[in-house]
Amino acid sequence: MKNKKIVFANQKGGVGKSTLCILFANYLAFKRKPVCIIDTDLQKTILMQRQKDAEIYQGVEEPYSVQDFDVSEPEVMQQLMDSASEVDGYVLFDSPGNVSEDGLVPLFANADYIICPYEYEDKTLDSTGTFVQVINMLKAHNPDMHAEIFFVPNRIDPRIGTSDEQRMWNETNEIFQQIGKVTPVVNSRATLKRINTFELLATQRQAVQGAFDYMLKRMK
């Protein structure tokens, strides 16, 4: 199948970026799609999760590979992206929280899709706005950059929000729709805090299906 390089990113930490990356990999593996993860986040959250899971699931074949890569010089990152382009299937990248690192320029410049999770919270929305500015600046300096952005309202509690807040959230979605595509909401659920890199629970699949199917249908 066609190679697809997908970067999970946001300037704001703690919005569920790594969790969403694992869930997307699990969802693709569930659908029998070839997928791998390259963890470039300095915290190595996904790599450590895989190492922990491997001890629990001893003897079970890994559904996909997880590799780590330290963001350093742009030339080194470019080599990584060139190699990733030769892989059949979906190559997912978990990016560092600070997207201003020089080494990350080739990551975004060569990506096919950028998945940006966000929450309806002032600091997160401000950071997401900063992230969009960084991406627009990169596009201005890299005319060949073609990545499409999917904004994912993530870990949303549908029980909260005044009428004014709901209006502001809808206006936020409308702004993001002008920049990329806004997926259906991924609600906050306890089952999404119990993820691992070996299997996808039915309750987890139900929680992410709307957002993930929306993206997959639009990934050419």
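A few notes on this one:
- Any hit, region 203-215, residues being more than 21 Å from Gln49 (Cβ to Cβ), of a type in the set (D, E, K, R) and either surrounded by fewer than 15 Cβ atoms within 10 Å (Cβ to Cβ) or modelled with pLDDT of 95 or more (or both): yes
- Checklist (1) under 17 Å from the mean Cα position of the chain (by Cα); (2) within 16 Å of Tyr113 (Cβ to Cβ); (3) open to solvent by 20 Å² or more (accessible area, probe 1.4 Å); (4) not β-branched (Val, Ile, Thr) applied to Lys193, failing item: (2)
- Flag if Gln49 is in contact (Cβ under 8 Å) with a residue 24 or more places away in the chain, farther than 24 Å from Met219 by Cβ and assigned to a helix (DSSP H, G or I): yes
- Verdict on Lys17 being open to solvent by less than 40 Å² (accessible area, probe 1.4 Å) and either within 24 Å of Leu104 (Cα to Cα) or at pLDDT 95 or above (or both): yes
- Considering only residues in region 54-82 that are out of contact with any strand residue (DSSP E or B) (no Cβ under 7 Å at 6 or more places or on another chain) and under 16 Å from Val35 (Cβ atoms), the one that is surrounded by the most Cβ atoms within 10 Å (Cβ to Cβ) turns out to be Pro63.
- Among residues of region 153-175, those that are more than 18 Å from Gly210 (Cβ to Cβ) and assigned to a helix (DSSP H, G or I), counted: 10
- Members of region 100-136 that are at pLDDT 80 or above, part of a helix (DSSP H, G or I) and under 23 Å from Phe212 (Cβ atoms): Leu107, Phe108, Thr128, Phe131, Val132, Ile135
- The residue list Val66, Val87 contains one member that is in a loop (DSSP other than H, G, I, E, B) and touching a residue at least 24 places away in the same chain (Cβ under 8 Å), which is Val87.
- If you filter region 146-156 down to residues that are farther than 21 Å from Lys4 by Cβ and in contact with a Phe, Trp or Tyr (Cβ under 9 Å, 6 or more places away or on another chain), you find that the one that is least open to solvent (accessible area, probe 1.4 Å) is Pro153.
- Hey, Pro96 open to solvent by less than 30 Å² (accessible area, probe 1.4 Å) and part of a loop (DSSP other than H, G, I, E, B) or not: yes
- Region 21-46: number of residues that are more than 15 Å from the chain's Cα centre (by Cα), assigned to a loop (DSSP other than H, G, I, E, B) and crowded, with 19+ Cβ neighbours inside 10 Å: 0
The values are calculated or read from the model by the stated rules, or taken from the named source; none is laboratory data. Predicted model, so just to flag it, every value in this text is computed and none were measured. Neighbour counts are summed over all protein chains in view; Cβ atoms, including those assigned to glycine, are modelled from backbone coordinates with ideal geometry. Areas reflect the complete protein model, heavy atoms only, side chains present, ligands, DNA and RNA absent. Shrake-Rupley method; radii C 1.70, N 1.55, O 1.52, S 1.80 Å.
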